[in-house]
Amino acid sequence: MNHVSSELEDLLKKKIRSIPDFPKKGILFRDITTLLQDGPLFSRVIDLLAEYCRQKKAGAIVAVESRGFIFGGALADRLKIPFLPVRKEGKLPAATVKVNYCLEYGEECIEMHIDALGQDKDVVIVDDLLATGGTAVAAAELVEKCGGKVKGIAFLIELTILKGREKLQKYDLCSLIKYDDI
């Protein structure tokens, strides 16, 4: 499951607000808060992502701070499997492993608790948006450093023009909606 019907994609796109020049000039920010305000549609999104996670036989959901937590927490609850957070540097209290990476508009460092996963734990990584792919690559690297296996990576939105998918070729990807512009 890598795409939704054009009718559902259009509906989702209508619910996502586009904000120019946020957080920096030249960036067109896709604001999902307007989608989240529609409870039944948000539930439908979680159903679709949960279907993907079931197909991948996910044993845990790994999600990236902060908007990824919205989807990751709901998915883990829906599937009754563990939710494992990936956070910005310095936000986790126990021993961590970290990865530095580049964003489309800066540089970041994310961390995961070193003991979050057991060996051979199958996970699906979830985030709200695939842009350049840097965050997803870093999250996958963290999972692998902690002994996990990335069975798939799921996104609500993919900005195809930024070619993030190219950095993630070794992983199975799911994006519910795609934008060809930024």
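Here, each number is a calculation from the coordinates, and none is a lab measurement. Model, not experiment: these values are computed from the prediction. When we count neighbours, we look across all protein chains shown, and the Cβ atoms used for this are built from the backbone with ideal geometry, even at glycine.
Give me the net charge of Leu8's neighbourhood, meaning all other residues with Cβ under 14 Å from the Cβ of Leu8; Lys, Arg count +1, Asp, Glu -1. Write out the running numbers ahead of the final one.
Numbers: positive: Lys13, Lys14, Lys15, Arg44, Lys178; negative: Glu7, Glu9, Asp10, Asp38, Asp47, Glu51.
Local charge sum for Leu8: -1.
Mean separation of Cα pairs under 8 Å and 6+ residues apart, divided by the residue count of the chain: what relative contact order is that in percent? Show your work: numbers first, answer last.
On the way: 358 pairs, mean separation 35.8, N = 182.
Over the chain, the number comes to 20 percent.
Mind listing the long-range amide H neighbours of Gly59? Cut-off is under 5 Å, sequence gap 5 or more, other chains count too, H placed in the peptide plane at 1.01 Å from N.
Excluding prolines and chain starts, which carry no amide H, the hits are Asp122, Val123, Val124.
With r as the distance between the Cβ atoms of Lys145 and Lys13 and R0 = 30 Å, compute the FRET efficiency 1/(1 + (r/R0)^6) and round to 0.05.
For R0 = 30 Å, the calculated efficiency reads 0.25.
Which of Lys149/Lys170; Lys80/Lys151; Lys98/Lys145; Lys91/Lys167; Lys88/Lys145; Lys13/Lys57 have a Cα-Cα distance over 21 Å?
Working: Lys149/Lys170 12 Å; Lys80/Lys151 17 Å; Lys98/Lys145 9 Å; Lys91/Lys167 27 Å; Lys88/Lys145 17 Å; Lys13/Lys57 28 Å.
As for pairs spanning more than 21 Å Cα to Cα, those are Lys91/Lys167; Lys13/Lys57.
I need Asp127, Asp47, Asp181 ordered by Cβ neighbour count within 10 Å, fewest first. It would help to have the intermediate numbers written out before the result.
Numbers: Asp127 25, Asp47 11, Asp181 8.
Fewest-to-most Cβ neighbours within 10 Å comes out as Asp181, Asp47, Asp127.
Rounded to the nearest 5, what is the percent of antiparallel bridges among the DSSP beta bridges in the chain?
Beta bridges within the chain, antiparallel portion: roughly 40 percent.
Which value, in debye to the nearest 20, describes the size of the charge dipole of region 1-149 about its Cα centre when Lys and Arg Cβ atoms bear +1, Asp and Glu Cβ atoms bear -1, and nothing else is charged?
Numbers: 21 positive and 22 negative charges, 41 e Å.
The dipole magnitude comes to about 200 debye.
Considering only Ala131, Ala76, Ala95, give the residue with the highest GNM mean-square fluctuation for the chain, with springs between Cα atoms whenever their separation is below 10 Å.
For the chain, modelled as a Gaussian network with Cα springs under 10 Å, the answer is Ala95.
Calculate the tail of P(r) for region 6-179: the fraction of all Cα-Cα distances greater than 24 Å, expressed in %.
Working: 4859 of 15051 pairs.
Across region 6-179, Cα pairs with separations above 24 Å total 32 percent.
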